[in-house]
Amino acid sequence: MRLTRLEDSDVVASAETENAWLDKENKPVLYDKRRVSAKALAGKEWLLLLDVQLEARTADVTLGESAFGM
């Protein structure tokens, strides 16, 4: 994981990262860019925003069933 950007203000806080998904031989098979943000709303509420961009650079990748429920 590589942290590429941090933002912190009275209204929003966010972090952006670049990540590599590795196979059993520790070779990257998929890359992603993520942004996680928390935005302040009225009444002590907040909104969580998740943005994920997936990129297969060398071969097609199929996401299937996993321990995460996909």
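The values are calculated or read from the model by the stated rules, or taken from the named source; none is laboratory data. If you're wondering where the values come from, they're calculated on a predicted model, not measured in any experiment. Reconstructed Cβ throughout: ideal geometry from the backbone, glycine too, with neighbour counts over all protein chains shown.
Against the conditions (1) assigned to a loop (DSSP other than H, G, I, E, B); (2) under 23 Å from T58 (Cβ atoms), R34 satisfies every one except (1).
Based on this model, can you work out whether E7 counts as in a strand (DSSP E or B), of a type in the set (D, E) and at pLDDT 90 or above? Against the criterion (in a strand (DSSP E or B), of a type in the set (D, E) and at pLDDT 90 or above), E7 qualifies. Residues that are surrounded by fewer than 12 Cβ atoms within 10 Å (Cβ to Cβ) and charged (D, E, K, R) within the range 8-46 comprise D8, D10, D23, K24, E25, K27, K44, E45, listed in sequence order.
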